[in-house]
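Novice: Before we start, here is the structure in question, set down as structure tokens.
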Amino acid sequence: MAVRALTWNLFHGRDFPPNPALRTWRSRLTRRSERDTAHMQVNRDLVEEFASLLAGWSWDVALLQECPPRWSRALAAACHAAAHRVLTSRNWLLPVTSAIAEWNPDLIASWEGGSNLTLVRGARIDERRSLVLRRLPERRVAAFTRLETGLCIVNLHASGPNALAERDIAAAARWAIESAADTPLIFGGDLNLRSEDSSIFDELERSLALAPRTPGAIDHLLARGLDVGERPRSLAPEEREVEIGGLAVRLSDHPPVAATFID
């Protein structure tokens, strides 16, 4: 059975045009859109645009990070998916920050609060668990999801810089292996490390049989107990763009990473 997996950091539901000149304080303060000949930068709620892209892509499990907590039900419904959400950092005053973020997402940015959201198509979720890895400098949580098929998924947004990321990844990976026991496991998310910059990926493969890494990316999909059908790859920038007013709006500052595993 093929399992198509996707991981994507949603950048707190914001867009990120390739032209830095469009990312202005004028837009951030006044909510005015900025344009060049090809792209637009908008400062408004983009849940429908994110939901449309996610719903249209082919995947069985999606690991999302920096997902606005208020979006979890809408994304799950649009994708006809079961969901497992764990809150991460800066979620102190959610009713207030959510209202501000819906009105002006670029102004509040990450201060809206965030979550790791795991979405599953075509299977029931049998178990949901989480592990708090650290509370400072930012709260980091790994989300463990076990499906009725036996497949386990761990969704992580690791800290930065490298030393903190390595500790988060190592702790979450050991917990993931212990929790999954002898059942197949997909472990991934925004790990905040390129495999070229750290030896931890060698250690994960050697000691825990978690592989493969995604070259050139900080977002990864690793697996244990599964064969690799299609190796993890970053989607092209154009694949996360939507059209608004005849111009392209590029969603998030991260490219999604997709892979296929065989059980």
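Novice: Here's a check for you: in the range 205-215, which residue that is of a type in the set (A, V, I, L, M, F, W, C) and farther than 22 Å from residue 9 by Cα is most open to solvent (accessible area, probe 1.4 Å)?
Specialist: Taking the range 205-215 as the starting set, the residues that turn out to be of a type in the set (A, V, I, L, M, F, W, C) are 208-211.
In the following step, the residues that additionally are farther than 22 Å from residue 9 by Cα were identified as 208-209.
On the way: 208: 40, 209: 56 Å².
Of everything passing the filter in the range 205-215, 209 is most open to solvent (accessible area, probe 1.4 Å).
Novice: Does residue 148 qualify as being among the acidic types (Asp, Glu), in contact with a strand residue (DSSP E or B) (Cβ under 7 Å, 6 or more places away or on another chain), open to solvent by 50 Å² or more (accessible area, probe 1.4 Å) and modelled with pLDDT of 95 or more? Full working, then the answer.
Specialist: Working: among the acidic types (Asp, Glu): yes; in contact with a strand residue (DSSP E or B) (Cβ under 7 Å, 6 or more places away or on another chain): yes; open to solvent by 50 Å² or more (accessible area, probe 1.4 Å): yes; modelled with pLDDT of 95 or more: yes.
In short, yes.
Novice: Taking only the range 221-263 into account, find how many residues are touching a helix residue (DSSP H, G or I) at 6+ places or on another chain (Cβ under 7 Å) and either open to solvent by 60 Å² or more (accessible area, probe 1.4 Å) or among the small types (Gly, Ala, Ser) (or both).
Specialist: Residues in the range 221-263 being touching a helix residue (DSSP H, G or I) at 6+ places or on another chain (Cβ under 7 Å) and either open to solvent by 60 Å² or more (accessible area, probe 1.4 Å) or among the small types (Gly, Ala, Ser) (or both): 1 in total.
Novice: Sticking with this structure for a sec: Name the residue that is least open to solvent (accessible area, probe 1.4 Å), counting only residues in the range 126-140 that are modelled with pLDDT of 95 or more and over 19 Å from the mean Cα position of the chain (by Cα).
Specialist: My answer is 127.
Novice: Can you name the residue in the range 39-60 that is of a type in the set (Gly, Ala, Ser) and touching a helix residue (DSSP H, G or I) at 6+ places or on another chain (Cβ under 7 Å) and is also least open to solvent (accessible area, probe 1.4 Å) among such residues?
Specialist: 51
Novice: Specify which of the listed residues (92, 71) is hydrophobic (A, V, I, L, M, F, W, C), in a loop (DSSP other than H, G, I, E, B) and more than 15 Å from residue 253 (Cα to Cα).
Specialist: That would be 92, the only listed residue that is hydrophobic (A, V, I, L, M, F, W, C), in a loop (DSSP other than H, G, I, E, B) and more than 15 Å from residue 253 (Cα to Cα).
Novice: Here is a further query. Looking at the range 28-37, is at least one residue aliphatic (A, V, I, L, M), open to solvent by 10 Å² or more (accessible area, probe 1.4 Å) and part of a helix (DSSP H, G or I)?
Specialist: Just the residues of the range 28-37 that are aliphatic (A, V, I, L, M), to begin with: 29.
Right, trim to open to solvent by 10 Å² or more (accessible area, probe 1.4 Å) and you get 29.
Narrowing further to those that are part of a helix (DSSP H, G or I): 29.
Yes, the range 28-37 contains a residue that is aliphatic (A, V, I, L, M), open to solvent by 10 Å² or more (accessible area, probe 1.4 Å) and part of a helix (DSSP H, G or I).
Novice: Now, a different point. Residues to consider are 180, 143, 172, 123; find the one that is open to solvent by less than 10 Å² (accessible area, probe 1.4 Å), within 18 Å of residue 263 (Cβ to Cβ) and in contact (Cβ under 8 Å) with a residue 40 or more places away in the chain.
Specialist: 180
Novice: When you go through (1) open to solvent by less than 40 Å² (accessible area, probe 1.4 Å); (2) out of contact with any Lys or Arg (no Cβ under 7 Å at 6 or more places or on another chain); (3) of a type in the set (Val, Ile, Thr) one by one for residue 218, which number turns out not to apply?
Specialist: In the conditions (1) open to solvent by less than 40 Å² (accessible area, probe 1.4 Å); (2) out of contact with any Lys or Arg (no Cβ under 7 Å at 6 or more places or on another chain); (3) of a type in the set (Val, Ile, Thr), residue 218 misses (2) alone.
The values are calculated or read from the model by the stated rules, or taken from the named source; none is laboratory data. Keep in mind that what you see is a predicted model, and the values were worked out from it rather than measured. Heads up, the Cβs are rebuilt from the backbone with ideal geometry, glycines too, and the neighbour counts pull from every protein chain shown. Surface accessibility is based on the protein's heavy atoms, side chains included, excluding ligands, DNA and RNA. Shrake-Rupley method; radii C 1.70, N 1.55, O 1.52, S 1.80 Å.
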